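What follows is a short report on a single structure.
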Amino acid sequence: MARKVTIFTGQWADLPLAELAPEIASFGYDGLELACWGDHFDVRQGAESKAYCDDKRAELAEHGLGVWAISNHLAGQLICDPNFDARSDGFAPRELAGNAEAKREWAIAQMKYAARAARNLGVDVVNGFTGSPIWHMLYSFPPVSKEMIADGYRFFADTFNPILDVFAENGVKFALEVHPTEIAFDIVTAARTLEALKFRPEFGFNFDPSHLLWQMVDPVRFLREFPDRIYHVHMKDAKLTLDGKSGILSSHLDFDQPGRGWNFRSPGHGDVNFEEIIRELNLINYQGPLSVEWEDCGMDRKYGAADACAFVRKVDFRPSQLQFDAAFSK
C-alpha cells in the first residue's frame, strides 16, 4: 500500500481551515499536516479538550482527509533561540514582543501543550523547530571557543529534556526539521544533538531534503546515518543556482531574487533526487506520510500544490517482495 500523501498547512495559514480543506482535497491529497497557528490547530485547546480534537478530525473527514502529524515550528523556534531581536516577535503573543525570556517561557508551554494535543488528536508525531543558542556563532569570528559550543548544546538539552518528558508521558515523538538556525542543521550537528539528549527515543527528525541539498549535504546519506530516527518526511525541493558570483549564503537576497545562490522549488522542479530518497525510505522501512511542504516563490501555489501531489504519488513506490531473478531458477 502506498504511503499517505499530505500537505503541510503552514504556508496556507492565511486561509481558514474550512476554506483550505476542500481545496486541498480537490488536489488529491490524503490529509493535512496541521500547522499550529492560524486557525488550523490550537495546541492549548487541543491539550485541554478531546472534543476540540474530535471536531478537527470530523471537519477533515467531511472532505475525505486525515491527519497523521501536527507541526509547531513557530513556537519551537523560540525555545532555544537567543530571541534578542524583533524578528521572532510575531511568533508569540503581541504582549510578549521584545521580552526574550517571556517568549521562551510561552514557547516551552506551547510545546508541552502540543504533546498533549497530539495524543488527544490521535497522532504520534509533532514536527517542529528547536531554535539554537549557538547558530549566530556559526562563523568563528569573533573567535568561538569549543566551550561556547558545548555550552550551547548543554543549554539545549537542559531546556528540551523537560519538554520531552511530557512527550514521553503522552506517547508522542518530537521530530526536529533539521534546518539552518536550529540546534541541528546537518549530519554532524544532528548526531551531536542526539548525543546531547543521551539518545532518548522521544526525539528524532522530520527529514526535509531541501535544507540539506542547498548546504551540499547528501540527503540520502542523512537517512543512512539516522535510519531509526526518521519520524516524519517532508517532500520539498531546492535548486542550486551557483554561477561563480552567487553563494550558498544567499547574499541577503530574497527568495527568487536574481543573484541568489539557491531557492526552494516545488517537488520535482529542483535538484533533489527523490527516487533515491524513496529507495532509502524503503530500506529503512519508513511507513509514515510523505508530506509536501510547498515553498516556491516562482510558481502559483494552487498549481504547485496540485502538481506536487501528482509528483509525490508518481515517485513513491513500494519495495519488491521478490528478487527479480528468482524466477530464473524455476
| field | Integer Hz, Karplus 6.51/-1.76/1.60 couplings in order for region 234-245, x for Gly and Pro | value | 9, 9, 9, 10, 8, 10, 7, 10, 5, 10, x, 10
| query | If each of Val144 and Lys302 carries a label point 7 Å out from its Cα toward its Cβ, how far apart are those two points in nm? | reply | 4.4
| query | So what does log10 I(q)/I(0) come out to for region 184-299 at q = 0.13, 0.15 Å⁻¹, using the Debye formula with one equal point on every Cα and no solvent? | reply | -0.53, -0.69
| message | I'd like the FRET efficiency for Glu225 and His252, computed as 1/(1 + (r/R0)^6) with the beta carbon distance as r and R0 of 41 Å, rounded to 0.05. | response | 0.80
| Rounded to the nearest 20 debye, dipole of the chain from Cβ charges on Lys, Arg, Asp, Glu | 680
| field | For the chain, calculated [θ]222 nm from helices alone, where every DSSP H run of n ≥ 4 adds -39500 (n - 2.57) | value | -12000 deg cm²/dmol
| said: Full-extension gain between Asp151 and Val315, please, as 0.36 nm times their residue separation minus the C-alpha to C-alpha distance. | reply: 54.8 nm
| Evaluated over the chain, the Cα radius of gyration and Dmax, each in Å | 19.9, 74
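If you put +1 on each Lys and Arg Cβ and -1 on each Asp and Glu Cβ, how big is the dipole of region 1-155 around its Cα centre, in Debye rounded to 20?
Values: 15 positive and 21 negative charges, 110 e Å.
So the magnitude is around 540 debye.
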| field | Cross-link partners of Lys314 among lysines (Cα-Cα below 20 Å; sequence separation of 8 or more within a chain) | value | Lys4, Lys236, Lys302
| request: Calculate, in nm to one decimal, what Glu105 and Asp243 gain on full extension: separation in residues at 0.36 nm each, minus their alpha carbon distance. | output: 45.3 nm
| request: May I ask you to rank Val188, Val315 by accessible area, largest first, using a 1.4 Å probe over the protein chains only? | output: Val188, Val315
| Rounded to the nearest 5, what is the percent of antiparallel bridges among the DSSP beta bridges in the chain? | 15
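Which chymotrypsin sites (Phe, Trp or Tyr not before Pro) in region 247-323 sit in a loop by DSSP (not H, G, I, E or B) and have at most 16 other Cβ atoms within 10 Å of their own Cβ?
Within region 247-323, the qualifying chymotrypsin sites (Phe, Trp or Tyr not before Pro) (loop, at most 16 other Cβ atoms within 10 Å) are Phe255, Phe317.
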| said: Under a crude label model (7 Å from the Cα following the beta-carbon direction), how far is Glu195 from Arg279 in nanometres? | reply: 3.1
| task | Could you provide, to the nearest whole Å², the per residue accessible area of the chain with probe 1.4 Å? | result | 47
| request: Compute the distance in nm between two label points, each set 7 Å from the Cα along the Cα-to-Cβ direction, one at Gln45 and one at Gln11. | output: 2.6
| field | Long-range HN-HN contacts of Met235 with modeled amide H, under 5 Å | value | Ser291, Val292, Glu293
| task | Name the residue farthest towards the positive end of the dipole of region 233-330 from the options Gly259, Gln287, Ser246, assuming +1 on Cβ of Lys and Arg, -1 on Cβ of Asp and Glu, about the Cα centre. | result | Gln287
| note | Carbon and sulfur atoms account, in whole percent of the 1.4 Å probe accessible area of the chain, for 54
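The values are calculated or read from the model by the stated rules, or taken from the named source; none is laboratory data. Nothing here was measured: the structure is a model prediction, and the numbers come from that model. Because the Cβ atoms are built from the backbone with ideal geometry, glycine has one as well, and the counts that use them run over all protein chains shown. Just so you know, the surface numbers come from the protein's heavy atoms only, side chains and all, with ligands and any DNA or RNA stripped out. Shrake-Rupley method; radii C 1.70, N 1.55, O 1.52, S 1.80 Å.
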